[in-house]
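Visitor: Quick one: the structure is below, questions incoming.
The values are calculated or read from the model by the stated rules, or taken from the named source; none is laboratory data. What you are looking at is a predicted structure, and each value in this text was computed from that prediction instead of being measured. Cβ atoms come from the backbone with ideal geometry, glycine included; neighbour counts cover every protein chain shown.
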Amino acid sequence: MSSDNPNYEQQKDEIDLLQNILFDKMNIESESPFQISANIIANIDDPKMEFHLIITLNNEYPDKSPDFQLTEENNFLSSAKLNELIEKLKQICIEYIGMPVMYQLYETILSFAEDEEQLLINEKLSEIKLEEEKKLLELKKKEEEEKLLEDRTYTPVTKELFEEWEKKFLEKKRKENKDKNQNSDKLTGRQFFMNKNIKIEENEDEIESEDNIISTTKEKNEDEENLEYNPDLYDEDIGNIDFDKEDEDL
């Protein structure tokens, strides 16, 4: 018994019991003061996280909380989650004052490690599932495209078919150009209106010209009516002219 540690025997008994439970998972690093270490790994295949716990017992333990250090050796756990776990262990130490707490700390860390490992497994399974679903969708899309190609019917292009198509195509183009030219000869509303005004002006000019001709003819007739016969202007006496003879000569 250590003379400066009144709780030595009680602490030793707890450590011996813990060693019988954990076997090689726990190491006694020192007996004055008592210090133990343990590597804690989840009981699963291919674990990703490994926790390393060091517990140091003061002379007043179990009436005072032990000191401990906790690390995650493989850095799979975020610092935030690790700090969360450490705070939880501190709270357990307070709750277990006056009672053995080392095995409870070990079990709490082990349970936490298994939960986190399961989360990693679930995430991995989700990724695998999403990848498989993506591959299935791609395969289904490919099958649908192949089926669509199989359902389509194609006519092989030959020289005769091409010449026939070319003939129809050129004929269609000629018809379109002809229709386009015919449409271009049609007057727009503005052109029709302007042409109408031009024709009206031409008609008015024709009417005015006809009026002038009629007026001229009328004046001429009036002049002829106003003519008076003057016998002095002729060499022969009109009474001696033989009109019948003149007709015979003609």
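Visitor: Let me confirm something: among Lys88, Lys142, Lys134, Lys81, which residue is in a helix (DSSP H, G or I), of a type in the set (Lys, Arg) and under 26 Å from Asp63 (Cβ atoms)?
Guide: After applying the criteria, what remains is Lys88.
Visitor: Within the range 47-62, can one find any residue that is over 58 Å from the mean Cα position of the chain (by Cα) and not in a loop (DSSP other than H, G, I, E, B)?
Guide: Yes, because at least one residue in the range 47-62 is over 58 Å from the mean Cα position of the chain (by Cα) and not in a loop (DSSP other than H, G, I, E, B).
Visitor: Being in contact with a Phe, Trp or Tyr (Cβ under 6 Å, 6 or more places away or on another chain) and over 26 Å from Asp16 (Cβ atoms) narrows it down to one of Leu85, Leu130, so name that one. If you could, list the steps in order and put the result at the bottom.
Guide: Details: Leu130 fails: in contact with a Phe, Trp or Tyr (Cβ under 6 Å, 6 or more places away or on another chain).
Only one candidate passes the filter, namely Leu85.
Visitor: I'm trying to understand the selection: among the residues of the range 37-49, which are within 17 Å of Leu22 (Cα to Cα), buried (at least 16 other Cβ atoms within 10 Å of the Cβ) and out of contact with any His (no Cβ under 8 Å at 6 or more places or on another chain)?
Guide: The answer is Ile41, Ala42.
Visitor: Checking Thr71 against (1) closer than 18 Å to Leu53 by Cα; (2) touching a residue at least 40 places away in the same chain (Cβ under 8 Å), which single condition isn't satisfied?
Guide: Of the numbered conditions (1) closer than 18 Å to Leu53 by Cα; (2) touching a residue at least 40 places away in the same chain (Cβ under 8 Å), the odd one out for Thr71 is (2).
Visitor: Of the conditions (1) within 30 Å of Asn58 (Cα to Cα); (2) surrounded by 15 or more Cβ atoms within 10 Å (Cβ to Cβ); (3) modelled with pLDDT under 95, Leu105 satisfies every one except a single condition; which number is it?
Guide: Going through (1) within 30 Å of Asn58 (Cα to Cα); (2) surrounded by 15 or more Cβ atoms within 10 Å (Cβ to Cβ); (3) modelled with pLDDT under 95 one by one, Leu105 breaks only (3).
Visitor: Return a yes/no flag: does the range 108-119 have any residue that is surrounded by 11 or more Cβ atoms within 10 Å (Cβ to Cβ), closer than 24 Å to Asn7 by Cα and at pLDDT 95 or above.
Guide: No, every residue in the range 108-119 fails to be surrounded by 11 or more Cβ atoms within 10 Å (Cβ to Cβ), closer than 24 Å to Asn7 by Cα and at pLDDT 95 or above.
Visitor: To continue, here is another question. Can you tell me which of Ser32, Ser78 is exposed (fewer than 13 other Cβ atoms within 10 Å of the Cβ), among the small types (Gly, Ala, Ser) and more than 30 Å from Gln118 (Cβ to Cβ)?
Guide: That would be Ser32, the only listed residue that is exposed (fewer than 13 other Cβ atoms within 10 Å of the Cβ), among the small types (Gly, Ala, Ser) and more than 30 Å from Gln118 (Cβ to Cβ).
Visitor: Sticking with this one: Out of the residues in the range 65-78 meeting the condition of being part of a strand (DSSP E or B) and among the hydrophobic types (A, V, I, L, M, F, W, C), tell me which one is nearest to Pro33 (Cα to Cα).
Guide: Looking at the filtered set, the residue picked out is Phe68.
Visitor: Between a residue in the range 3-18 that is surrounded by 11 or more Cβ atoms within 10 Å (Cβ to Cβ) and any residue that is of a type in the set (Gly, Ala, Ser), which pairs come within a Cβ distance under 8 Å, given they are 6 or more apart or on different chains?
Guide: Close Cβ pairs satisfying both conditions: Asn5/Ser32; Tyr8/Ser2.
Visitor: Check Met99 against each of (1) exposed (fewer than 12 other Cβ atoms within 10 Å of the Cβ); (2) more than 30 Å from Gln10 (Cβ to Cβ) and name the one condition it does not meet.
Guide: Against the list (1) exposed (fewer than 12 other Cβ atoms within 10 Å of the Cβ); (2) more than 30 Å from Gln10 (Cβ to Cβ), Met99 comes up short only on (2).
Visitor: When the range 1-34 is examined, which residues are found to be of a type in the set (D, E, K, R) and within 17 Å of Asp67 (Cα to Cα)? Steps first, please.
Guide: Filtering the range 1-34 down to residues of a type in the set (D, E, K, R) leaves 4, 9, 12-14, 16, 24-25, 29, 31.
The answer is Lys12, Glu14, Glu29, Glu31.
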